[in-house]
Ligand code: ADP
Ligand code: MG
C-alpha cells in the first residue's frame, strides 16, 4: 500500500534548472507514466523519488511521510532500469534473491518468493541460468522479478523496454500491464514512447523541458491536449 505525493518538486544541476516544479498526488495502486522526449527530465524526476538524486526544493512524500531525508534503502522502493543491471556472474535465482539476502530474509522465504515471482514471469525454467544465457526479454523479466520479490510499496521503471526489439517491446508491454493488474503496486514508469504510455498508464504526466505540461488519463490527454507540445507529441507516430 502506498500513496506518493510530489509537491512543487524542483531540480537544478548547478545553474541549470532541469525540473521546474512538478505536483502530483498518486493514489495507491495507480500506474503513472512519465512520458516526454529525451532530455526533458524524466529520469531525474524518477531518481529523486528513488532517492538516487537530491531534491533541490519541494518534497516527495510516500504514505504522507517526507522522504527527502530518508535513506534510499528505507523507502521500500524497487527500480527497474533499461540496462537490466543484472549481476553477470550470478544465476537468475541468485540475481532475484540478492536483495532479500542482504535484508537477511530467511532462506525458505527467499526460495518461496523467488519461485512465486518466477512463476508470475514465466522464468521457472531459467532459474539456474546465467544472464548471458537468456534473451533480452528474459533478462528484463529477471530484473522485474528482482524488484517483485522485495514486495516494494512503489515500483519505479526507467525505460525498461528501450533495449528490446519492437515486437518484444509490444509483448512485454502487455506483460507489464498484466503484472500491474495482478500486483496492483503503485508505479511510476518512464518512457519516451507515447504508445507505451497510452497503453500502460492510468494517468500520464507529459513532460516538456522539465515542466509537467499535462497530467491526465491517456484518453483525456489524447482528446484534450492542453498545449501545442502535448498535441504534437501525443499525436505523432512512435
Ligand atoms: P530524460 O530522462 O528525460 O532523457 P534526464 O532526466 O536524464 O532526461 O536529463 C534532464 C536534463 O538534465 C538533461 O539536460 C541532462 O543533460 C541534465 N542532467 C541529468 N543529469 C545530470 C547531472 N548529473 N549533471 C548535470 N546535468 C544533468
Ligand atoms: Mg532518461
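The values are calculated or read from the model by the stated rules, or taken from the named source; none is laboratory data. All figures in this text were calculated on a predicted structure; none of them were measured in a lab. Glycine gets a Cβ as well: all are built from the backbone with ideal geometry, and neighbour counts include every protein chain shown.
Side notes on the structure shown:
- Any hit, the range 143-153, residues being surrounded by fewer than 22 Cβ atoms within 10 Å (Cβ to Cβ), without any contact (Cβ under 8 Å) to a residue 24 or more places away in the chain and away from ligand 2 (no atom under 16 Å from the Cβ): no
- Qualifying residue in the range 32-43 (condition: modelled with pLDDT of 95 or more, within 16 Å of ligand 2 (Cβ to nearest atom), surrounded by 15 or more Cβ atoms within 10 Å (Cβ to Cβ) and more than 18 Å from the chain's Cα centre (by Cα)): no
- Filter pass, residue 28 being touching a strand residue (DSSP E or B) at 6+ places or on another chain (Cβ under 7 Å), more than 9 Å from ligand 1 (Cβ to nearest atom), in contact (Cβ under 8 Å) with a residue 60 or more places away in the chain and assigned to a loop (DSSP other than H, G, I, E, B): yes
- Subset of the range 193-214 that is in a strand (DSSP E or B) and under 17 Å from the mean Cα position of the chain (by Cα) - its residue that is farthest from residue 27 (Cα to Cα): 207
- Some residue of the range 162-185 being crowded, with 22+ Cβ neighbours inside 10 Å and in contact (Cβ under 8 Å) with a residue 40 or more places away in the chain: no
- Taking the listed residues 92, 67, 60, the one that is over 19 Å from residue 190 (Cβ atoms), in contact with a helix residue (DSSP H, G or I) (Cβ under 7 Å, 6 or more places away or on another chain), without any contact (Cβ under 8 Å) to a residue 60 or more places away in the chain and buried (at least 20 other Cβ atoms within 10 Å of the Cβ) is 92, with no other qualifying.
- Neighbours by Cβ (under 9 Å, 6+ apart or cross-chain): first from the range 198-212, without any contact (Cβ under 8 Å) to a residue 40 or more places away in the chain; second within 12 Å of ligand 1 (Cβ to nearest atom): 198/35
- Residue list for the range 95-131, filter: surrounded by fewer than 19 Cβ atoms within 10 Å (Cβ to Cβ), more than 22 Å from residue 183 (Cβ to Cβ) and touching a residue at least 24 places away in the same chain (Cβ under 8 Å): 128, 129, 130
- Residue count, the range 128-163 (criterion: within 16 Å of ligand 1 (Cβ to nearest atom) and part of a loop (DSSP other than H, G, I, E, B)): 5
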